[in-house]
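Asks: Let me give you the structure first, and then I'll get to my questions.
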Amino acid sequence: MNGISNFIAWLIKRGNMEENLTLAEELLLLTMNLQNFCENTNDKNFNKNVFSIKFKILLLIKEYGNISPSTLVSSLNIAKSNIAIFCKMLLQEKLIESKHDEFDRRIIYYCLTSKGKEYVSNFVSLLDRHISNKMEEKQQKTMQKNLKAINNNLVKLGAK
């Protein structure tokens, strides 16, 4: 019983302090809440994969269409050697393919295969359904607007 009462006391304290949180604390809470929300899908495959490096690479490739290894390195802040290892694995799984630049054959780009597009689409659809089940349409639109603003501000500050 003591653990439950401590938790309730913490929630009450947290509720009273919310207005006093710093921007840093709000961002940290946002990341934790986002992960908790996504993990609440009850789909263990989704939970295991959506925050993985593999999925982040695939999502970036989807967003860019074609992406160079150096862009992946800078966007994910991961060593070039690790990006190479992950991309080699994704190539073997036939989720991505590499293409050489038409003017400089030394430059390669990664793009999604149809299997890779389906892989990303399945996870996005699952999250879309989870969001639809948990939020009203008005809430979704408000959240989307606010998240766009947050993402735009972070990009302006140098986030990639």
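Asks: Condition (residue is under 29 Å from residue 144 (Cβ atoms), in a helix (DSSP H, G or I) and hydroxyl-bearing (Ser, Thr, Tyr)) applied to the stretch 38-46: is it met by at least one residue?
Replies: Scanning the stretch 38-46 turns up no residue that is under 29 Å from residue 144 (Cβ atoms), in a helix (DSSP H, G or I) and hydroxyl-bearing (Ser, Thr, Tyr).
Asks: Hey, another quick one. For residues that are in contact (Cβ under 8 Å) with a residue 24 or more places away in the chain and not β-branched (Val, Ile, Thr), scanning just the stretch 98-114, find the one that is farthest from residue 70 (Cα to Cα).
Replies: Residues of the stretch 98-114 that are in contact (Cβ under 8 Å) with a residue 24 or more places away in the chain, as a first pass: 99, 107-112.
After this cut, where a residue has to be not β-branched (Val, Ile, Thr) as well, the list is 99, 109-112.
Values: 99: 14, 109: 10, 110: 11, 111: 14, 112: 17 Å.
Here the residue is 112.
Here's the yes/no breakdown for (1) at pLDDT below 90; (2) among the hydroxyl-bearing types (Ser, Thr, Tyr); (3) open to solvent by 70 Å² or more (accessible area, probe 1.4 Å); (4) farther than 22 Å from residue 38 by Cβ:
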{"site": "106", "(1), (2), (3), (4)": "yes, no, yes, yes"}
{"site": "119", "(1), (2), (3), (4)": "no, yes, no, no"}
{"site": "125", "(1), (2), (3), (4)": "no, yes, no, no"}
{"site": "134", "(1), (2), (3), (4)": "yes, no, yes, no"}
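Asks: Then there is this: Mind checking which pairs have a first residue in the stretch 121-133 that is under 13 Å from residue 62 (Cβ atoms) and a second that is open to solvent by less than 60 Å² (accessible area, probe 1.4 Å) and outside any helix (DSSP H, G or I), Cβ under 6 Å, 6 or more apart or different chains?
Replies: 123/50
Asks: Pull up the stretch 26-68, narrow it to residues that are at pLDDT 90 or above and aromatic (Phe, Trp, Tyr), then point me to the one that is nearest to residue 115 (Cα to Cα).
Replies: This residue is 55.
Asks: Out of the residues in the stretch 63-90 meeting the condition of being in contact with a Cys (Cβ under 9 Å, 6 or more places away or on another chain) and in contact (Cβ under 8 Å) with a residue 40 or more places away in the chain, tell me which one is nearest to residue 129 (Cα to Cα). I'd like the intermediate steps shown before the answer.
Replies: So the first thing to find is which residues in the stretch 63-90 are in contact with a Cys (Cβ under 9 Å, 6 or more places away or on another chain), and the list is 64-67, 69, 72.
Those left that are additionally in contact (Cβ under 8 Å) with a residue 40 or more places away in the chain: 65-67, 69.
Numbers: 65: 25, 66: 28, 67: 29, 69: 32 Å.
Checking each candidate, the answer is 65.
Asks: Filtering the stretch 51-87 down to residues that are more than 24 Å from residue 151 (Cβ to Cβ), assigned to a helix (DSSP H, G or I) and small (Gly, Ala, Ser), which residue is nearest to the chain's Cα centre (by Cα)?
Replies: Among them, the one singled out is 84.
Asks: Here's a check for you: in the stretch 52-62, which residue that is without any contact (Cβ under 8 Å) to a residue 40 or more places away in the chain and among the basic types (Lys, Arg) is most open to solvent (accessible area, probe 1.4 Å)?
Replies: 56
Asks: Please specify each residue of the stretch 88-121 satisfying the condition of being basic (Lys, Arg) and under 20 Å from the mean Cα position of the chain (by Cα).
Replies: Passing the criteria: 115, 117.
Asks: One residue is enough: does the stretch 88-103 have a residue meeting the conditions open to solvent by 100 Å² or more (accessible area, probe 1.4 Å), in a helix (DSSP H, G or I), over 28 Å from residue 37 (Cα atoms) and polar (S, T, N, Q)?
Replies: Yes - at least one qualifying residue is present in the stretch 88-103.
Asks: Okay, moving on. Would you mind stating whether residue 95 is aliphatic (A, V, I, L, M) and modelled with pLDDT of 90 or more? Walk me through how you get there before you give the answer.
Replies: On the way: aliphatic (A, V, I, L, M): yes; modelled with pLDDT of 90 or more: yes.
In short, yes.
The values are calculated or read from the model by the stated rules, or taken from the named source; none is laboratory data. Being a predicted model, the structure only gives us computed values, none of them experimental. Virtual Cβ from ideal backbone geometry, glycine too; neighbours counted across all protein chains shown. The area values use the complete protein model at the heavy-atom level, side chains included, leaving out ligands, DNA and RNA. Shrake-Rupley method; radii C 1.70, N 1.55, O 1.52, S 1.80 Å.
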